[in-house]
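In what follows, a single structure is set out as structure tokens and then discussed.
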Amino acid sequence: MSSTSEICKRLADVQERVRKACKRANRNPHEITLVAISKLKPVSDIRDALMCGQLHFGENRTTELNSKADDLEGQKLVWHYVGTMQTNKIKYLAGRAAWIHSAYKTKHLKEIDKRLKASGQTADVLLQVNISRESQKQGLEPSGVEQVLKSAQSLKNLRVSGLMGMATFADNPEEVRSEFRLLRNTLLEHRHLNSGSVQLRELSMGMTNDFEVAIEEGATMIRIGSAIFGERNGG
Ligand SMILES: *Cc1c(COP(=O)(O)O)cnc(C)c1O
């Protein structure tokens, strides 16, 4: 567990690196949402990050998201779900996560829409695209994105706001630049389908190891865990 000032210092370091990457890419740092991935870390770490102004937090387990959200009830923060999508777990997410990063089937979107309707809430959903082409990673092939988007246009309770991708783990992040570029191109190629609930604009890509390259390639949301909260044991 880290102390408040340790987490604040790490957050400031990440923000500085975001600023520098934006400068190189001639982008405005305000275009980038920093999502602090707090999975496997205690609620006290989230409180520390909240104290130094962090607003967006992400988890990859529905149970952990729910128990932390209960503990932090009343705090001003925005929850993101970045974990594996399972249709039978969606009922634990709708109304809890303002952002769901990892849908990749029409079935997921319909279930999210149905659950949101029941709870009278909305959410922003991103489609996960398999940019690393590793078979064990989830997500749509780029060629499958169009069909899912078309089926989402008429859904009323969610917005499909963009795409999410996880790059191959590489010691040198330059090696995965082409994967981030693939995600951005996939978004650009599908923007003509923006209609109704489909409003593509966000690119969720970049983690501790590769976020600067992701920013240079157009990321608007970066998902950072260990650079803020320190190494995790497991998970
Ligand atoms: C854990 C996780 C992250 C953050 O990983 P770090 O390398 O610790 O920054 C980002 N995205 C997803 C989907 C994750 O599961």
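The values are calculated or read from the model by the stated rules, or taken from the named source; none is laboratory data. The shown structure was predicted, so the numbers you read here are calculated from the model rather than taken from an experiment. Counting neighbours? That spans all protein chains shown, and the Cβs are built from the backbone with ideal geometry, glycine included. In case anyone asks, the SASA skips ligands and DNA or RNA and just uses the protein heavy atoms, side chains included. Shrake-Rupley method; radii C 1.70, N 1.55, O 1.52, S 1.80 Å.
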Taking N as the number of residues in the chain, what value does Rg over Cα atoms divided by 2.2 N^0.38 Å take?
-> 0.97
Cα-Cα over 30 Å: which of 76/156; 23/68; 9/76; 39/91; 68/117?
-> 23/68
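Would you mind getting the accessible area per residue of the chain, heavy atoms of the protein chains only, 1.4 Å probe, in Å²?
Working: 11030 Å² over 235 residues.
Value returned for the chain: 47 Å² of accessible area per residue.
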Enter the Cα centre distance for the pair region 64-117 and region 131-200, rounded to the nearest angstrom.
-> 19
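Using the Cα centre of region 67-121 as the reference point, and only Cβ charges (+1 on K/R, -1 on D/E), how large is the resulting charge dipole? Debye, rounded to the nearest 20. List each step's numbers first, then the result.
Working: 11 positive and 5 negative charges, 62 e Å.
Rounded to the nearest 20 debye, it is 300 debye.
Let me know the charge dipole size of the chain about its Cα centre in debye, to the nearest 20, where only the beta-carbon of Lys, Arg (+1) and Asp, Glu (-1) is charged.
Working: 35 positive and 28 negative charges, 154 e Å.
So the dipole magnitude of the chain works out to roughly 740 debye.
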Which of the listed residues, 218, 197, 129, is farthest toward the dipole's positive end in the chain, when Lys, Arg count +1 and Asp, Glu count -1 at the beta-carbon?
-> 197
For region 98-235, the dipole about the Cα centre with charges only on Cβ (Lys and Arg +1, Asp and Glu -1), to the nearest 20 debye, works out at 940
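Ignoring ligands, DNA and RNA, please state the percent of accessible area on the chain from carbon and sulfur, probe 1.4 Å.
Carbon plus sulfur share of accessible area: 47 percent.
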